Amino acid sequence: MSWGTARRTPRGRPRAGAHARARGSARGSGAPRPHDRGPRASARACGDDSRPIVDRPPAGGARPTLTRMQPREATNTRTIEATGKGVVRAKPDVAVLKLGVTTQAEKPAEAVDQNAKRMSKVIAAVKAQGIPDTAIQTSELQLDRVTKWDEDLQTDVLVGYRATNVITVRSPVDTAVKVFDAGVAAGANTAGGLAFAVDDEKKYRRDALAQATKVAVEDIEAVAKTLGVNLDAVVQAEVMEATEPPLYESQFFAMDHELAATPIVPGQLEIISRVRVRYTIKVP
């Protein structure tokens with residue numbers, strides 16, 4: 001009996017060589033592999049254009065199961081937005097002063113030395129008004145060249161050096177005048193400034209935030225009512241950057257005669273907060 005090419009392996013399968021050649025031929029012709037007929041092919045067959053979800057295989061190693069993804073609900077992008085402003089007025093209880101000393105000399109070391117001695121007197125005078133060390137801070141320290149124009153040489157000529165030292169002092173409002181005048185009498189001659197603040201600003205700031213939020217929400221509700229739509233939910237509530245009160249700047253110079261008391265009027269301090277709120281609109 002001749003075996004020839006009709007030889008079969010057990011179970012009627014072709015020999016290994018023939019199987020390998022058949023698989024190679026399928027690759028060469030571009031035919032899909034058996035394992036290529038996966039989830040994407042099944043999803044197309046059922047007419048669903050959405051991307052399928054393939055569950056992760058369980059711990060036992062079972063094959064993943066294919067499930068159809070439910071159509072996603074339409075995203076609600078219709079919104080109403082408003083910005084509310086809250087203003088709370090408070091009586092200032094803190095005054096912020098700037099007292100500076102400027103000195104000039106031919107050499108830089110001389111200018112700095114003169115400035116240090118003069119500023120020491122200013123700080124001592126400030127402390128004498130009951131101001132603690134923790135309420136005094138150096139805010140500026142500078143040394144500059146001083147030049148003047150020379151007509152003969154047609155250029156700037158160095159004539160000396162200018163040293164500047166400025167301190168910021170936090171004082172109770174009722175003693176601010178005494179502190180200011182004492183500093184000037186002791187030698188402060190430049191960079192004068194005055195601002196007012198409240199010691200416990202958080203309380204007033206939160207009241208202003210609450211007021212601003214309420215205004216924004218009421219504006220949104222008014223717009224929704226006019227348009228005939230229903231509000232759904234808050235999707236954004238943003239606290240805008242607070243604006244610091246402006247610093248009142250004034251220049252003053254040392255005087256040889258006795259100084260009169262400097263009048264100041266603290267008035268009322270406005271603490272302003274702004275809040276931006278956005279609501280989504282319900283989709284029918």
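The values are calculated or read from the model by the stated rules, or taken from the named source; none is laboratory data. Note that the structure is predicted; figures quoted are calculated from it, not measured. Note: ideal-geometry Cβ built from the backbone for every residue, glycine included; neighbour counts use all protein chains shown. Quick note on the areas: whole protein, heavy atoms, side chains included, nothing else; ligands and nucleic acids left out. Shrake-Rupley method; radii C 1.70, N 1.55, O 1.52, S 1.80 Å.
Structure data summary
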item: Residues that are within 30 Å of the chain's Cα centre (by Cα) and outside any strand (DSSP E or B), drawn from region 116-149; result: Thr134, Ala135
item: Selected residue [in contact with a helix residue (DSSP H, G or I) (Cβ under 8 Å, 6 or more places away or on another chain) and not charged (D, E, K, R)] from Ala186, Ala176; result: Ala186
item: Among (1) modelled with pLDDT of 90 or more; (2) out of contact with any strand residue (DSSP E or B) (no Cβ under 9 Å at 6 or more places or on another chain); (3) open to solvent by less than 60 Å² (accessible area, probe 1.4 Å) - the single one Lys225 does not satisfy; result: (3)
item: Odd one out for Arg205 among (1) farther than 30 Å from Lys282 by Cβ; (2) without any contact (Cβ under 8 Å) to a residue 60 or more places away in the chain; (3) of a type in the set (D, E, K, R); result: (2)
item: Where Thr134 falls short, out of the listed (1) in contact with a strand residue (DSSP E or B) (Cβ under 6 Å, 6 or more places away or on another chain); (2) among the hydroxyl-bearing types (Ser, Thr, Tyr); (3) open to solvent by 60 Å² or more (accessible area, probe 1.4 Å); result: (1)
item: Pair list, Cβ under 7 Å, 6 or more apart: region 223-240 residue on the phi > 0 side of the Ramachandran plot, other residue exposed (fewer than 12 other Cβ atoms within 10 Å of the Cβ); result: none
item: Residue in region 59-71 that is at pLDDT below 95, among the polar types (S, T, N, Q) and not in a strand (DSSP E or B) present; result: yes
item: Residues satisfying the stated conditions in region 192-222, i.e. aliphatic (A, V, I, L, M) and either modelled with pLDDT of 95 or more or within 14 Å of Gly86 (Cβ to Cβ) (or both); result: Ala208, Leu209, Ala210, Ala212, Val215, Ala216, Val217, Ile220, Ala222
item: Residues being among the β-branched types (Val, Ile, Thr), without any contact (Cβ under 8 Å) to a residue 40 or more places away in the chain and open to solvent by 50 Å² or more (accessible area, probe 1.4 Å) - total across region 147-185; result: 2
item: Top-ranked residue of region 91-117 - restricted to ones that are aliphatic (A, V, I, L, M) and closer than 20 Å to Lys127 by Cβ, ranked as surrounded by the most Cβ atoms within 10 Å (Cβ to Cβ); result: Leu99
